[in-house]
């Protein structure tokens with residue numbers, strides 16, 4: 001009786017070990033794919049698709065692609081930035097500023113994002129906000145060229161009637177790039193201050209830098 005009982009127990013144990021062994025082999029053979037492995041190629045495909053649509057001037061379709069990228073991963077800076085760039089290209093300044101601000105919240109130390117945000121604010125006439133954002137870019141001291149930032153600040157401070165600051169930003173812009181626009185802005189600011197001789201000299205320099213009268217009239 002005892003031998004039969006031991007035999008039954010041994011058979012049951014062998015069966016259970018066999019089942020466990022087969023389960024272990026199945027578990028080793030089945031490797032769950034990483035959860036993000038399928039989403040990354042899709043995101044890359046969407047970026048490529050959006051870039052292609054931009055090149056084809058299919059603006060609304062490109063906007064939709066970037067918006068879907070943002071919806072799928074709201075914490076990514078790149079789709080916000082690319083969408084803000086596209087809005088800027090289309091001169092849809094309110095949307096550009098709103099989208100760039102979201103990107104700046106995600107990456108406050110990104111100079112490109114903040115420059116775009118400040119420029120969009122300037123184009124909306126939100127001069128005080130533009131000054132705050134763009135002067136913040138200067139304080140970052142990233143080592144990059146800031147000629148465009150200085151020019152935007154010259155315009156924004158002029159609009160606020162902060163003429164001394166506008167002159168200062170014009171001169172900083174011209175130190176890095178001797179542009180006709182910079183000299184024209186400087187002439188305008190000097191004239192507002194009552195410095196007619198300085199304004200005339202700056203205006204003459206601006207005109208001399210244009211290649212043709214057509215360029216001057218643009």
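Being more than 30 Å from residue 83 (Cα to Cα) and surrounded by 19 or more Cβ atoms within 10 Å (Cβ to Cβ), is that true of even one residue in the stretch 126-138?
no
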Given the criterion more than 30 Å from residue 81 (Cα to Cα), surrounded by 13 or more Cβ atoms within 10 Å (Cβ to Cβ) and at pLDDT below 95, identify the matching residue among 207, 213, 167.
207
Within the stretch 62-76, how many residues turn out to be touching a helix residue (DSSP H, G or I) at 6+ places or on another chain (Cβ under 8 Å) and either surrounded by fewer than 14 Cβ atoms within 10 Å (Cβ to Cβ) or at pLDDT 95 or above (or both)?
3
Per the filter on the stretch 171-204, residues at pLDDT 95 or above, exposed (fewer than 15 other Cβ atoms within 10 Å of the Cβ) and outside any helix (DSSP H, G or I) are 194
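The values are calculated or read from the model by the stated rules, or taken from the named source; none is laboratory data. Since this is a predicted model, take the numbers as computed values, not measurements. Cβ sites come from the backbone with ideal geometry, for glycine too, and all protein chains shown count toward neighbours.
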